[in-house]
Amino acid sequence: MANAQDEKTIGTEAEAFAELIRWGRGRCAWQQDALALLIAEGELSGTQIDTLEAVCLRPELGKDLLNQSDLESFTRASKTLSLLSIENPTGVNALANDQRLALAEHGLSIVYGDNGAGKSGYVRILKNACRSRDGDADIVNNLDAREQQPQSAQIHYSIEGSTKAVQWTPSDTGIGDLPLVSIFDSKSANIHVEKTNEVAYVPTPMRVLQSLAECCDTLKARIVARISELQAQTPLALKEVHIDPTTVAGAFLRDLSATSNKAELVRLASLDDTDTRRMEELKSTLAQTDDKYLAALRRQYQAYCEFVERSSEAHKSTAGHCFAARDALLSEQASTAAAAVAASEELFSQDGPTGVGQEAWLKVWEAARDFSDSMAYPDAKFPALDKDVDRCPLCHQSIDRSVLDRWMSFEEYVKGTTKTAASNAAAAVATWREDLADRRMTIVQIRALMVMISDEFAEEELSKVVRRALVIGAWRHRALRRDLPRPTIESSFPSASLEALARVIAKRIEELSLEDKSPEKLALRAELAELLAREKLSLVRADVDAQIDRLGEIQKLKTAQRVTKKNAITNKNNELTDQIVTNALRGQFAREISSLKLTAAPVELRKDKVRSAVSYFRVSLIEHPDCPVGKIFSEGEHRCVALAGFLAELITSKDASAVVFDDPMSSLDHIHRKSVAARLAEEAKYRQVVVFTHDLTFLYELRREAQSRDVDLHYQTVRSRDGVPGHVESGLPTKAKSASERVTLMFNLLKSVKGQVSNWDELERNVFVKGFLEQLRESWEQGVADVIHPVLARFDNAVKAGSLHKLEVLNRSDVEIVAESRGRLSGLLHAASESMNQTEVTIDQLKNEVKALDDWLKDIYSRQKAAEGSISPFSPPSN
């Protein structure tokens, strides 16, 4: 039981609306809002679609408009539109300008025109502006015109009691409410039978779904356009950059997405000076495989290390403390020397010439000691001579004890503390100067180091720093040597940078020594590849950063695009259509086939597919559904089937707007012609029906069927004047008028020209009279046809036997009147055109002839009206 309740059939629009709202509450935010707006207003404005687009992109903006109260809006009445006129066609085919084709708001409007009269031009305007299955309704300009005019026309119509007018141009397909009007013509007939068509009957709930699906298409198109626009903004640099995808940077770019880490991008795309130098080293290293180059590099490395060591020592030797040490040594030397001099002067001031005990003297004394100890008296210690030694070791002269004592005092002085300190201080100064001289770097040596650093190892900046340090060092070195004051300018020596360069060179030598396919060499290649990839990535870093933002926007748009899919909408339309549309449409189609008396193989209207939430149907044979109907039926049957499908759609529709038929009788035989005329006349009781036709027989059929149903008739005639088609005249053409109507027209014509004939020349008068007489003869013929019309109408095969009594009023006198009148007309026509001595036919003569026809017709109609009805065939004749 529960399942049966769940599967309750939806049979009314109210039930369909309730189901639609229940279903809609499960849709996304923008679709719920769209459903609410469509249910309340029937259509979406441009501003509303813009708002829905914003909700689609940002669901939190949704208003949650859908609620049960929306059910109230579906009861609104359908619109009914009637065409009133087409006015002032300009540039439409070769139609005359300043014309007005008027149509009756209700009933049946028949627009008659011969082939080439201009009917098709007016139909094309309506096909372009209204609802037509013929999408190929191109409207050309007047090809014979000297100047091509802009195409336009005014279309007046009434809708819901209001009269409106629109200015039509060919680009304005489907103007305002005009698509409520349906058009049927020969091309539409082919489309109706042979192709799948959108069903005209779409109940309001399905129209809401259809509009929702159209909104899906609109939003999807906008989103796709935005995505395409963003994708088109991808810089050419990103499209052309090629980074090894096996590297970290390459993989980052290859897998670029909205979630790519921008901090990682900054890290990968940033190369400092160390990275750049390393990259250049690896390029050079991996490019060099020559043993001679490796040997040369080793020699350069050795020389570099020696230069660095020497320059470092030279720089250290000029430090500030070195100046302090120098000054201390020199001060010590000066103070000890002064002390020695003082002691010498005190000891030797009375014993000899000036200078005893001074530097020169000390050297002589030291020489004397060396000579005595090593050669003269090696066994005796200078200056204390042996008792056996009584001679001077230098001059070999005999000496006495007093001389020896003096010598002993000299020796004690030389070896005393004061003199020793002076000698030591002097020696310390000498040693310091020797050491300072050894640490000195010449300009040549400095230049050689600079060239090596800048040219061989490509460290230009380091070369400049080292040069400055060494030049300042050389200047300070000179100040040290020359016992000058300490310079105020100093410089720091780049020991760390020079040592780092030494390590780089050593590593390079090590790398060059590796085997080509060794893991170490492969690791170097991988390291270089990573650095090169990062370098390329750094060139497009800003573009990549912007692309991540774009991909984020695209991802949001694609997320929004997913909620513009129509699958669920189409499925719901299919479900509702199966329950409340299909049977009604199929049933009405079957009734239309019956009313049009189609006796060929039975056909049906079959649902073919649902696309974009719109149902499509096709006409098919019941017993052979796959066989093309258009290839089985005759042209007339084909026309009837198409017309049945067309009418079925109209009848199942809730509105009753105008329908226009362009030559619907084409290829129909008399049986189908009559049934089609009857069907159109019947439809004219409920809506405005407009028929364009060139078939006078069909026109009479329509008039008979309309009159039998008390349907209002309105006639317009389109004709060509002086080769210009499209001129509109009110009423039927003269050849379709009754004799009485012709009589009225001829009386009016004679009245209008009565005062002008006297001013006409002979040719003008003869042309008028001859034409008038011809029309009068045709009017007598029409009069005879009108007399027998009650029994056998013109262009009608049906004999109305019940009206035979109306022919009983005819007698010999009537025959004579007709014969005499035709004879007189022949005589007058002969006199007006063939006689050598033409007799002038006057207006009064013509008027009398028209009066004769009028009198006879009135007499006949009076007698027919008074005639008794027919006698029953089952009653005996009266005496």
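Read-outs: derived from the displayed coordinates by stated rules, not from any lab. Keep in mind the model is a prediction, meaning the values are calculated, not measured. Backbone-built Cβ (ideal geometry, glycine too); neighbour counts: all protein chains shown.
Length gain on complete extension for the stretch Asp50 to Asn88, per 0.36 nm per residue less the alpha carbon to alpha carbon distance?
Details: separation 38, 0.36 × 38 = 13.68 nm, distance 3.78 nm.
Residue separation times 0.36 nm, minus the Cα-Cα distance, leaves 9.9 nm.
Using only the Cα atoms, work out Rg/Rh for region 484-572, with Rh taken as the Kirkwood radius, to two decimals. The partial results should precede the final answer.
Working: Rg = 28.9 Å, Rh = 19.9 Å.
Dividing the radius of gyration by the Kirkwood radius yields 1.45.
Could you size up the charge dipole of region 695-770 around its Cα centre, putting +1 on the beta carbon of Lys and Arg and -1 on that of Asp and Glu, and report it in debye to the nearest 20?
200
Counting other Cβ atoms within 10 Å, which trypsin sites (Lys or Arg not before Pro) in region 694-733 have at most 14 and lie in a DSSP loop?
Working: sites: Arg703, Arg704, Arg709, Arg719, Arg721; in loops: Arg709.
In loop regions of region 694-733 (DSSP not H, G, I, E or B), the sparsely surrounded trypsin sites (Lys or Arg not before Pro) are Arg709.
Which whole-Hz couplings ³J(HN,Hα) result when phi for each residue of region 774-784 is put into the Karplus expression 6.51 cos²θ - 1.76 cosθ + 1.60, θ = phi - 60°, listed in order with x for Gly and Pro?
Once θ is set to phi - 60°, the couplings for region 774-784 become 4, 5, 5, 4, 5, 5, 4, 5, 5, x, 4 Hz.
Quick one: if the Förster radius is 45 Å, what FRET efficiency do Val757 and Ser186 give, using the C-beta to C-beta distance and rounding to 0.05? If you can, show how the numbers build up before the last one.
Values: r = 47 Å, r/R0 = 1.05.
The pair Val757/Ser186 has a calculated efficiency of 0.45.
As an exercise, use a Förster radius of 45 Å and the Cβ-Cβ distance of Asn567 and Leu539 to find the FRET efficiency, rounded to the nearest 0.05.
On the way: r = 45 Å, r/R0 = 1.01.
Computed FRET efficiency for Asn567 and Leu539: 0.50.
How many lysine pairs are close in region 455-589, with Cα atoms under 28 Å apart and the two 8 or more places apart or on different chains?
Final tally of qualifying lysine pairs is 11.
P(r) for region 699-816, please, calculated from all Cα pair distances in 5 Å bins and given in %.
P(r) for region 699-816, in whole percents per bin: 2, 8, 13, 17, 19, 16, 10, 7, 5, 2, 0.
Please compute the modelled spin-label separation between Arg433 and Asp710, points set 7 Å along Cα→Cβ, answer in nm with one decimal.
Label at Asp710, label at Arg433, 15.2 nm between them.
Please work out the Kirkwood hydrodynamic radius for region 426-567, using every pair of different C-alpha atoms, and report it in angstroms with one decimal place. List each step's numbers first, then the result.
On the way: mean 1/r = 0.0468 Å⁻¹.
With all distinct Cα pairs of region 426-567 included, I get 21.4 Å.
Using a simple spin-label model with points 7 Å from Cα along the Cα→Cβ vector, what separation in nm is obtained for Glu60 and Cys28?
It works out to 1.7 nm between the two label points.
Strictly greater than 20 Å: what percent of every Cα pair in region 660-736 meets that?
Cα-Cα pairs in region 660-736 separated by more than 20 Å: 31 percent.
Under 19 Å from a label point 7 Å along Cα→Cβ of Gln149: give me every residue in region 75-115 with its amide N that close.
The answer is 85-102.
If you keep only loop residues by DSSP, which GluC sites (Glu not before Pro) in region 688-755 have at most 15 other Cβ atoms within 10 Å of their Cβ?
On the way: sites: Glu701, Glu705, Glu729, Glu741; in loops: none.
Hits after loop and neighbour filter: nothing returned.
Going down the list Lys220/Lys262; Lys597/Lys735; Lys609/Lys631, which pairs span over 25 Å between their C-alpha atoms?
Values: Lys220/Lys262 30 Å; Lys597/Lys735 30 Å; Lys609/Lys631 22 Å.
Long pairs (Cα-Cα over 25 Å): Lys220/Lys262; Lys597/Lys735.
About its Cα centre, what dipole magnitude does region 619-718 give when the only charges are +1 on Lys and Arg Cβ and -1 on Asp and Glu Cβ, stated in debye to the nearest 20? Walk me through the intermediate numbers first.
Values: 11 positive and 16 negative charges, 50 e Å.
My answer is approximately 240 debye.
Assigning unit charges at the beta carbon (Lys, Arg +1; Asp, Glu -1) and nothing else, what dipole magnitude in debye, to the nearest 20, does region 720-763 show about its Cα centre? Intermediate results must be reported in sequence, preceding the final value.
Values: 6 positive and 5 negative charges, 49 e Å.
Charge dipole, region 720-763, about its Cα centre: 240 debye, nearest 20.
If you take the beta carbon distance between Gln775 and Glu160 as r and set R0 to 51 Å, what does 1/(1 + (r/R0)^6) give as a FRET efficiency, to the nearest 0.05?
Numbers: r = 45 Å, r/R0 = 0.89.
Computed FRET efficiency for Gln775 and Glu160: 0.65.
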